[in-house]
Amino acid sequence: MSKKVFIDELYKKRSTFSDPDQAEMLANLLDTVSSDIYSESQRFIFELIQNADDAGLNDSNEIHFDFHSNSLIVSHKGKPFDEADIEGIANAGKGTKSSDISKTGYKGIGFKSVFGKSNRVTILSNDYSFRFDRTLISQSFNGIKMPWQIIPIWTDTNDFHNDINGSTLKENFNVSTIIELKNSPSLKSELKELLSNGKIFLFLRSITKI
């Protein structure tokens with residue numbers, strides 16, 4: 001099975017419901033998790049760092065924040081995505097960390113914080129290229145409220161928005177997440193303030209450079 005076919009099949013699996021009410025109920029739950037639990041910007045930034053830390057292949061992982069006018073690209077040198085990782089991130093409360101005591105994150109919930117800040121999030125890793133897109137999912141299902149946060153859409157580089165293209169992505173990083181935001185640079189101060197408190201590094205196992 002090709003990687004695009006895998007994403008396309010997962011799209012069908014995650015978007016098929018016997019009753020529209022089921023879709024809406026799950027969508028409302030994910031909206032609550034994304035927006036209410038992780039409403040603070042610093043918490044949002046911390047979740048991105050923690051996800052990279054949990055993906056560390058060794059004790060010298062590196063995470064890079066690249067601020068563009070309309071997007072934030074977060075890249076790290078941790079474990080590349082495989083099918084299990086994608087199925088976990090395209091799920092609600094069933095990530096790949098739940099049985100691993102070496103991971104700080106909890107069952108894929110932390111990543112859902114990005115959906116409280118962005119309506120379009122693209123992930124590139126290990127030749128996988130897919131996104132979660134609120135607008136496109138809404139249009140594709142005639143306005144039926146769907147849990148777009150768990151429905152992956154295969155994305156070619158020519159489908160990237162705004163100022164993002166292949167040349168803007170960092171080389172030698174195993175995972176890049178493009179989070180489209182209206183005012184990405186405003187988060188710089190949040191990141192600097194978070195890093196100014198050295199206590200954050202007490203909770204990181206593999207991140208040595210940010």
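The values are calculated or read from the model by the stated rules, or taken from the named source; none is laboratory data. Just so it is clear, the model here is predicted, and its values are computed rather than measured. As a convention, Cβ positions derive from the backbone with ideal geometry for all residues, glycine included, and neighbour counts pool all protein chains shown. Please note that ligands, DNA and RNA were not included when accessible areas were found on the heavy atoms of the full protein model with its side chains. Shrake-Rupley method; radii C 1.70, N 1.55, O 1.52, S 1.80 Å.
Per-residue Karplus couplings for the stretch 140-148, computed as 6.51 cos²θ - 1.76 cosθ + 1.60 with θ equal to phi - 60°, are listed in order as 6, 10, 6, x, 5, 6, 10, x, 4 Hz, Gly and Pro entered as x. Remark: the stretch 1-60 carries a charge dipole of roughly 380 debye about the Cα centre, counting +1 on each Lys and Arg Cβ and -1 on each Asp and Glu Cβ. When the pairs 117/182; 117/199; 188/209; 77/209; 4/117; 13/145 are compared against a 18 Å limit on Cα-Cα distance, 117/199; 4/117 fall above it. By the Kirkwood approach, averaging reciprocal distances over each pair of separate Cα atoms, the stretch 114-210 gets a hydrodynamic radius of 15.7 Å. For the chain, the alpha carbon positions stretch 49, 36, 35 Å along the principal axes, listed from largest to smallest.
Considering only Cα atoms, the convex hull volume of the stretch 1-52 works out to 97 Å³ per residue. Of the residues 72, 122, 22, the one whose Cα sits farthest toward the positive end of the charge dipole of the chain, with +1 on the Cβ of Lys and Arg and -1 on the Cβ of Asp and Glu, is 72. Here the calculated FRET efficiency for residue 69 and residue 5, from their Cβ-Cβ distance with R0 = 22 Å, stands at 0.05, rounded to the nearest 0.05. Ellipsoid fit via the Cα gyration tensor, the stretch 1-94: semi-axes of 27, 20, 13 Å, each the root of five times an eigenvalue, largest first.
So what is the accessible area of the chain per residue, in Å², with the probe set to 1.4 Å? All intermediate terms of the calculation are to be shown ahead of the outcome.
Details: 10640 Å² over 210 residues.
Per residue, the chain has 51 Å² of solvent-accessible surface.
Simple point charges give the picture: +1 on the Cβ of Lys and Arg, -1 on the Cβ of Asp and Glu, and for the chain a dipole about the Cα centre of about 280 debye. The protection proxy used here, the mean number of other Cβ atoms lying within 10 Å of each residue, ranks peptides 132-142, 198-208, 76-86 as follows, highest first: 76-86, 132-142, 198-208.
Take the solvent-accessible surface of the protein heavy atoms, probe 1.4 Å, and return the percent of it on the chain that carbon and sulfur atoms account for.
The value for the chain is 48 percent carbon and sulfur by accessible area.
Ordering 185, 89, 147 by the projection of their Cα atoms onto the charge dipole of the chain, which places +1 on the Cβ of Lys and Arg and -1 on the Cβ of Asp and Glu, puts 185 at the extreme positive end. Ranked by the mean number of other Cβ atoms within 10 Å of their residues, highest first, the peptides 116-127, 60-71 fall in the order 116-127, 60-71.
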